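All of the numbers you see were taken from the coordinates with simple rules; none came from a lab. In this text the structure is predicted, and so the values were computed from the model without any measurement. Virtual Cβ from ideal backbone geometry, glycine too; neighbours counted across all protein chains shown.
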Protein chains: 2
Amino acid sequence: MRYFLTTTCLSAAALLVAGTANANEELIKLQQDAKQWVMPAGNYNNQRYSQLKQITADNVGKLQVAWTFSTGVLRGHEGGPLVIGDTMYVHTPFPNIVYALDLKNDGKILWKYEPKQDPNVIPVMCCDTVNRGLSYGDGKIFLHQADTTLVALDAKTGNVAWSVKNGDPGKGETGTSAPHVIKDKVIVGISGGEFGVRGSVTAYNIKDGKQVWRGYSMGPDSDTLIDPQKTTNLGKPVGPNSGTNTWQGEQWKIGGGTTWGWYSYDPDLNLFYYGSGNPSTWNPKQRPGDNRWSMTVWARDPDNGQVRWVYQMTPHDEWDFDGVNEMILADQNIGGQNRKTLVHFDRNGLGYTLDRTNGELLVAQKFDPKVNWTTGVDMDKNSPTYGRPKVVDQYSTEHNGEDVNSKGICPAALGSKDEQPAAYSPDTGLFYVPTNHVCMDYEPFRVRYTAGQPYVGATLSMYPPPGEQNMGNFIAWDAKTGKIVWSDPEEFSVWSGALATAGGVVFYGTLEGYLKAVDAKTGKQLYKFKTPSGIIGNVTTYEHGGKQYVAVLSGVGGWAGIGLAAGLTDPTAGLGAVGGYAGLRNYTALGGTLTVFTLP
Amino acid sequence: MRYFLTTTCLSAAALLVAGTANANEELIKLQQDAKQWVMPAGNYNNQRYSQLKQITADNVGKLQVAWTFSTGVLRGHEGGPLVIGDTMYVHTPFPNIVYALDLKNDGKILWKYEPKQDPNVIPVMCCDTVNRGLSYGDGKIFLHQADTTLVALDAKTGNVAWSVKNGDPGKGETGTSAPHVIKDKVIVGISGGEFGVRGSVTAYNIKDGKQVWRGYSMGPDSDTLIDPQKTTNLGKPVGPNSGTNTWQGEQWKIGGGTTWGWYSYDPDLNLFYYGSGNPSTWNPKQRPGDNRWSMTVWARDPDNGQVRWVYQMTPHDEWDFDGVNEMILADQNIGGQNRKTLVHFDRNGLGYTLDRTNGELLVAQKFDPKVNWTTGVDMDKNSPTYGRPKVVDQYSTEHNGEDVNSKGICPAALGSKDEQPAAYSPDTGLFYVPTNHVCMDYEPFRVRYTAGQPYVGATLSMYPPPGEQNMGNFIAWDAKTGKIVWSDPEEFSVWSGALATAGGVVFYGTLEGYLKAVDAKTGKQLYKFKTPSGIIGNVTTYEHGGKQYVAVLSGVGGWAGIGLAAGLTDPTAGLGAVGGYAGLRNYTALGGTLTVFTLP
C-alpha cells in the first residue's frame, strides 16, 4: 500500500492556515503533495521517497547549485530543512537557531528564532551539539532544543506560541531529536543514554503544549504504558512488570533506553514506531539481565501512549548498539504474502523486517558482511531463544569481562548504521542504507552513577575492518530476503540521510562533503558535488516555481566527526571516534551551510 | 604600458621551486602567467585584471558552482585566495588559519596552519577580526596575523620557516592587511588607527625575517625616512621635520596614519605605493594642524624605504576619511599625453589620478555625487591651497566643534569606498569601483589617550543619503576625466573587491551574498548567484586543467557587517555601522565559505 503517494497541488496560501481543526488532516494532505517536504522524513512512513521526477538518472549529471545559505553555526548539522509553500525552515545545532527562508528570493530570511540556552548543556551532549530538525503542524513549527525545551513557533512570524520543558539537562537529559506531529499531539523523545537517563516518549497537546502522556522505556507498567496482557512480544503477552523484572534492583531508574530517532506512523493502524537505545552503563557486567526495554522496537498508540507490541533486538547490550534507528514502513510481498512491514537497520548490524501490525519477526540478516559479534538471530519460533541474536564469545564484552580489551568487534559502537536515516523506493522495492563499516576494541570498566555525569563505563577505539580502507558503504537492501543488492564503498561512514526519488535517482552525502546521486537500480554514481563541509544532514527534495530542487545541510560533526567538531585530538576521545575518523581533517572543516541544487 | 600582461605558461612543478635566487624575478614570471593568482591583487599594479577570457559576457550567464569549501571560521572574510600551480591558499579571519587546497581534488586539504594567538587581540581590532590575505615569494606563503606576527610558511608543507613580531597588540597594534612581497623583502603595514597607533610600513628579509627598514607615517625624518630636500609634495621638497611640524607637541607619537591597504609596485620606477590612515583621535579639535603624513599617498623605494613623494589628500581629517585605500597603477593618455598614472578612490569620496613618477595631481573628482563635505580640490597650481580640498562649513566637525552633532555629512566615516579594492581593465580603460553610498551624523568629543584603549573621540550614526534606499553603487570610472561612466545601485555597500577580465566581464560580491557579473562596457548584470553568506572578499580568477575558474570568499562582517559579526545590536555600536546596516540580518548569517565557479 502506498497510502501517501497521491500528488495533489495545494496553493501556498492555503498551506499555512493556522488553527486548522485537525492538524493531522492538514499534515496528511501536505505530505500527499510531493512539492512540499513537511516533516523530517517527508511523510509518516519514513520512506524519504519523493514522487518528484524532473531530476532523473539521465539528467542528474547536469545538476547545478541554485543557491546556498550559511547558518552562522559551526559543529555538526544533522537533519534537514522543511519546505511548506514558499517557505523553507532551516535549523541549526546548538544554539538551535531556526530560520524561515523565502524560496521566492534565494533564501532571504523571513524570520529567525534564536533561543537563549544555558551553554552548560553542551558538556552533557554525548556526541556533538546536534539537532535533528523541525516538525510542522497546526500553523506552527516545533523545535526540541538542546536544553529539552519543546517550543512551538508561529510558522509565519517565528513568534513563540508555547514552550514546555521536556527534561532536565542537570540529569544529563538533552534534546537532539526532531519532534513528530501525530494527529493533535507533538511527540518527542529524549537523549542522554551516556548519562544514565531513563528514556521516554512524551506527547504534548499541539494547541497549548500541555503534556498528554509519557511512556518510559523501562520501569513499572504504569510508567511504560505497557499492558501485561495486551502488549505483546513476538506474539505473546509480555506479562507483568516486564520493564523492571530484567533489571537488578532499581537499576531501571537509570536504565537508558533513550529515544532520539526518527519516528514513523501508520494512520490506518493508529500506531507509531520508534526504537529505544542502549541500557546504561556501557559496562554489561554492572547490569545483569536483559535490561528490557532498552534496544527495542516499539509500537505505541499515539492517543494514549499504550504499547501494542515490543521487540527487543539486543537483550543485555554489550557494545552500545542503540536501537534508536528509524523504522521504515513499507508494504511488501514476502513469500507470496502481502505484509504491512516495518524495516529497521539496527546499530547491531542486522536489518530487520517485521510485521508492523503485530511485531512478528520476518527477516533478520546482516547488512554488513563484516558483522561478527553474532552469528545471527534465532528464527525458530519453537526455540526458547527465538528472536534473540546468537552472541559469539570472542566478541562478547560480558564474556570477556571487565577491564579486558575485547578486540576486533564489528561493528563498532556507532553501529553498522547510526541515526543517518535510510530511504525506500516503492519503484525498486529497495532500501537505500547509509552505513558505517567500522570495527572496534572495547574495554568495559566499573563506573559509579552520579546525576549529570557521564555514565559510560567503557574505553573504545575504532578503525576500518582489518585489511580494508573504506569505513562506509552506501547499500541497496532487499528487506524481503535480507540481502544486499549493491554496495558503493565510501572512504568514511555515510553519516547522511538518504533520499529516494521517482526519477530513479537516490541521493546521499559523505563526510568529506560530497553530495552524491546514484542510480536507484544499479548504484552507479551519476553526480557528485563538493559542498562546503562534511555532510551529516539528510537530503530533501521539493518543487518550487515549477522546478524540482534538492537540498542538503552540510556541516561536519556528529559522533563520527566529533574530533573536528569539538577540536579533540586524543584518539580515544569521542568514545573512540576521534582516532577512527582522524583522516577527515584532510578533507573538510566546520561550517553549517545549506546547498540547494536544481537542473539548469 | 602593460608590463605584466604577457601570458606565459609555467608548469606547476616549476612554480614551487623553493629558494629561488631572486624572489622578485620568480614573482614577475608568475604574475605574467594569467593561470595563476600569485599575489593579493593578481599582480603588482593592483589592477585586479586577468587576461583569462574563457568566461565572456556571452557565456557568463551559464556559470556554475564547481566546488565549495567552508573555512570553519565565522565573522568577516576579507581578501581572497592565492592560486599557484595546483594549489590554492586560503586564509581566514582570527584565528588566521591558512589552508593549502588541492585543485586537482575539489579542494582537498593538503595542509593547514593554525596559529595560537592570544584572543585578547580581538577587542583591539576596531572593525571585525578580518585578515586581508596572503602573499607568496621564495617558496613561502606569508601571513600577517592579528597579533602582528608575520609568519613565513613553507608553501609545500605549511611548516613555519620563520616568524617575527611586527607590533604590540598591548598598544592597540594589530595585523589585518596582507603582506606584500617586493624583490627580496616582505613589506607589511599595521592597523590600529582607533587606538592611537603610529602607523608604519616595515620591510623584512624574505629569507630569514630580519627587519631591513621601517618607515613611519609621522615623526622625525629619521623615522619617516623622508629626505627634506629630495622627498617632494606636489613637486616641491617637503622641507625638514614635515612629520612633526604640523602636530601639537608630541601628538605625532600617537598620531595614527596606519597602513593596512593593498600596496602596489612599479618595478621600472622601483617605487611602491600605499596610503596612510586617519590621524588619531577622531576629534579634530584635539589635534590642531594638518597632521602630516596621515591621509597621504606614499611612494617609497622598497630597497631602503626612502620616500620619493607624498600627497596628503585630507589634511587635518575631521571625518575618519582614512587614506589607506589601494593605489592602482595604470598608464593612461591624459590630455594627449601618455602618463604613468596612479589612481586612488579615497574614503573622502574623491577619485584621484596622479602621475606616479612624481606625485603630480592630475584629477580629483567626486566618485559619488552625494559627497558634500567638500566642494572639490583646489587645482590651481599657483594657489596657496593648491591640492587641498575645500571644506564646507556645515559639514566641518572642526568648525561645528566638540559635542555638536554634525548631521548629514556624506560620505559616512567608512567612506565612499573603504578597503574593498577596485579593478581596472586596460581593454575598456575604465576603473570598476565598489562603493559605499552612506551618510552620517558625527559628534566629536574629548578623549584621553591610554595605551591599548580605544582612542576614537566621536559618536556616529550612518544611513543612506536622504530620500534614497541604496547604500551602495558599483560604478565604472573614467580616471582620465574623473567621471562616472555607469553606476549599478546596490541595496548595501559593495564591500567586495572587484575583478576585471579580458572576457569583458567584471565581477563583484554584495553584502547580501551575491556574486555578480556585469558587462564591463555597460554595467548590465549578466549573472548572479547567492553564496552562503555576505561577501566582503575579493574576487579571484585562475585557470586549472584548461578551465577558467572564478573564486570568492563569502563570510559577512567587516566594518559594514560588524553588527552581525560581533552580535551587536545597539545602533550606535560599531562606530555607527550597526544601525546603518541593520537590514543585513534579513539576508544573511555568518560563515566563511569559498565558492568556486566555472562554465559547464
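Before moving on, here are some points about what is shown:
- The alpha carbon gyration tensor of the stretch B:411-494 gives principal lengths a ≥ b ≥ c with a/c of 1.5 or higher and a/b greater than b/c, which makes the shape prolate.
- Long-range HN-HN contacts of B:ALA66 with modeled amide H, under 5 Å: B:VAL596, B:PHE597, B:THR598
- For the stretch B:137-153 versus the stretch B:289-322, the gap between their alpha-carbon centres in whole angstrom: 26 Å
- Ranked for footprinting exposure by Cβ neighbours inside 10 Å, fewest first, A:MET295, A:MET440 give A:MET440, A:MET295.
- Shape of the stretch B:342-408, Cα gyration tensor, a/c cut at 1.5: prolate
- Under 5 Å, built H, 5+ apart or other chain: amide partners of B:ILE190: B:SER200, B:THR259, B:TRP260
- Computed from backbone phi, the HN-Hα couplings of the stretch B:257-267 come to x, 6, 9, 9, x, 9, 7, 10, 8, 10, x Hz, rounded to whole numbers (Karplus: 6.51 cos²θ - 1.76 cosθ + 1.60, θ = phi - 60°; Gly and Pro given as x).
- Temperature 20 °C, viscosity 1.002 mPa s: under these conditions the Stokes-Einstein estimate for the stretch B:43-99, based on its Kirkwood radius over C-alpha pairs, is 151 µm² per second.
- Cα principal axis extents for the stretch B:502-568, largest first, Å: 43, 31, 17
- Label 7 Å beyond Cα on the Cβ vector: B:ASN120 copy-to-copy distances, nm: 2.8
- Each residue, B:ILE334 and A:GLU468, gets one label point 7 Å from its Cα in the Cβ direction; the gap between the two is 7.1 nm.
- Each listed q (0.10, 0.18, 0.21 Å⁻¹) maps to a log10 I(q)/I(0) for the stretch A:341-492 from the Debye sum over equal C-alpha point scatterers, namely -0.40, -1.11, -1.29.
- Computed over the alpha-carbon atoms, the stretch A:412-457 gives an Rg to Rh ratio of 1.23, Rh here being the Kirkwood radius from the mean inverse distance.
- Whole-Hz couplings from phi, Karplus 6.51/-1.76/1.60, listed for the stretch B:194-203; x for Gly and Pro: 8, 10, x, 5, 8, x, 7, 10, 10, 10
- Calculation over all alpha carbon pairs of the stretch B:53-162 in 10 angstrom steps from 0 returns a P(r) of 13, 42, 29, 13, 3 percent.
- Put in line by how crowded their Cβ is, counting other Cβ atoms within 10 Å and starting with the fewest, B:SER280, A:SER70 read A:SER70, B:SER280.
- All lysines inside 16 Å of B:LYS340 as judged from Cα atoms, apart from same-chain residues fewer than 8 positions distant: B:LYS480
- The stretch B:174-286, relative contact order in percent, only Cα pairs under 8 angstrom and at least six apart counted: 27 percent
- In chain B, the calculated helix contribution to ellipticity at 222 nm averages -1000 deg cm²/dmol per residue, counting -39,500 (n - 2.57) for every DSSP H run with n ≥ 4.
- Projection of the Cα convex hull of the stretch B:128-201, averaged over all directions and equal to a quarter of that hull's surface, yields 4.8 nm².
- Distances between equivalent label points of A:PRO489 across the copies, with each point positioned 7 Å along Cα→Cβ, amount to 6.0 nm, shortest listed first.
- Karplus-based coupling profile of the stretch B:141-148, in residue order and whole Hz: 9, 10, 10, 9, 6, 3, 7, 6, with θ = phi - 60° in 6.51 cos²θ - 1.76 cosθ + 1.60 and x standing for Gly or Pro.
- Overall form of the stretch B:167-310 per C-alpha gyration tensor (a/c, 1.5; a/b vs b/c): oblate
- Partner chain coverage, peptide A:591-597 - average Cβ within 10 angstrom: 5
- Per-residue shielding of B:70-76, expressed as the average number of other chain Cβ atoms within 10 Å of the residue Cβ, stands at 6.
- Computed over the stretch A:425-490: relative contact order in percent, which uses C-alpha pairs under 8 Å that are six or more apart: 36 percent
- Sum of side-chain charges, A:GLY215 neighbourhood, beta-carbon under 11 Å (Lys, Arg +1; Asp, Glu -1): -1
- Largest-first principal axis extents of the Cα set of chain A (Å): 60, 55, 51
- Mean projection of the Cα convex hull over all viewing directions, computed for the protein assembly as shown: 44.3 nm².
- Applying the Kirkwood pairwise sum to the alpha-carbon positions of the stretch B:464-600 produces a hydrodynamic radius of 15.7 angstrom.
- Counting DSSP beta bridges with both ends in chain A, the antiparallel % (nearest 5): 95 percent
- Interatomic Cα distance distribution for the stretch B:252-322, bins of 10 angstrom, percent: 22, 48, 23, 7, 0
- Using a 7 Å projection from Cα along Cα-to-Cβ, the label point at A:GLY408 is separated from the same position in the remaining copies by 8.6 nm, smallest value first.
- Both radii come from the Cα set of the stretch B:381-446: Rg as radius of gyration, Rh as Kirkwood radius; their ratio Rg/Rh reads 1.12.
- Within 10 Å of each Cβ in B:548-557, the average number of Cβ atoms from other chains: 1
- Near A:ASN470: Cβ cut-off under 10 Å, other residues only, Lys/Arg at +1 and Asp/Glu at -1. The net charge is -4.
- In the calculated pair-distance distribution of the stretch A:161-207, the portion above 12 angstrom amounts to 62 percent of the Cα-Cα pairs.
- DSSP finds beta bridges in the protein assembly as shown, and of those with both partners inside it, around 95 percent are antiparallel.
- As a length-normalised measure over Cα pairs under 8 Å and 6 or more apart, the relative contact order of chain B settles at 15 percent.
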